[in-house]
Ligand SMILES: Cc1cc2nc3c(=O)[nH]c(=O)nc-3n(C[C@H](O)[C@H](O)[C@H](O)COP(=O)(O)O)c2cc1C
């Protein structure tokens, strides 16, 4: 591995996610105060990967889903357009998320665009799981035509149906291929990028 980060060690606070460079972890986390023994070392060989991956998955979205009348949404960076006609997208979703179970079972999902000033929202939906909390106690939504949540306040939406044949199973994630059935454009504001999010929330995902 080459590159400007390859000769230093990257530590990550297990409580707040803050990062620290140096041979040793800091005495206390500058952000949340956690002791040094609660830092984990990100292996040197992975430093460039850690830094560059967010630049690949540039834009952040919310993936909305519903099952048995329980609505949920999660932050997702691994969303990409596959073809323009037919309008196909892919979303790579970790198998341990509630969203994964809902999308797999129901076969439909929504994609909510995030605007440049919605880092807090990305953080909320990306750092909490619907397995532990009802995320819609703090946000409101309306139902799309396929019955999935469109989170209020987002600048645009897609409503998608899973193409089960095209969907790919990886070890940790399922790459759901979705056909876009419907879309709504709210405003033309700039999208929230992963790098904007990282700068504002000081986090390593
Ligand atoms: C900035 C950001 C990007 C994320 N991107 C993805 C992603 O592309 N795929 C994924 O499976 N999880 C991603 N996550 C993690 C999920 O949002 C997180 O595991 C969430 O708690 C799952 O919620 P759920 O269990 O309610 O579905 C991301 C989180 C953040 C903060």
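Values in this text are rule-based calculations from the coordinates and carry no lab data. No experiment lies behind these values; they were computed from the predicted model shown. Ideal geometry is used to build each Cβ from the backbone, glycine not excepted, and the neighbour counts take in all protein chains shown.
Extension gain residue 145-residue 14, at 0.36 nm per residue separation less the Cα-Cα distance, in nm?
43.1 nm
Round to the nearest 10 and give me the degree value, 0 to 90, for the angle of helix 47-56's Cα axis relative to the longest principal axis of the chain.
Here the helix axis deviates by roughly 30 degrees.
Between residue 187 and residue 133, how many nm apart are label points set 7 Å from Cα along the C-beta direction?
A separation of 2.4 nm, rounded to one decimal place.
Between residue 85 and residue 172, what is the FRET efficiency for a Förster distance of 35 Å, r being their Cβ-Cβ separation, to the nearest 0.05?
Computed FRET efficiency for residue 85 and residue 172: 0.65.
Quick one: grab the alpha carbon gyration tensor of the chain, order the square roots of its eigenvalues as a ≥ b ≥ c, and give me rounded if a/c is under 1.5, else prolate or oblate depending on whether a/b is larger than b/c.
Here the chain falls in the prolate category.
Could you give the length gained on full extension between residue 36 and residue 123, defined as 0.36 nm per residue of separation minus the Cα-Cα distance, in nm? The partial results should precede the final answer.
Numbers: separation 87, 0.36 × 87 = 31.32 nm, distance 2.47 nm.
Contour length minus Cα-Cα distance gives 28.8 nm.
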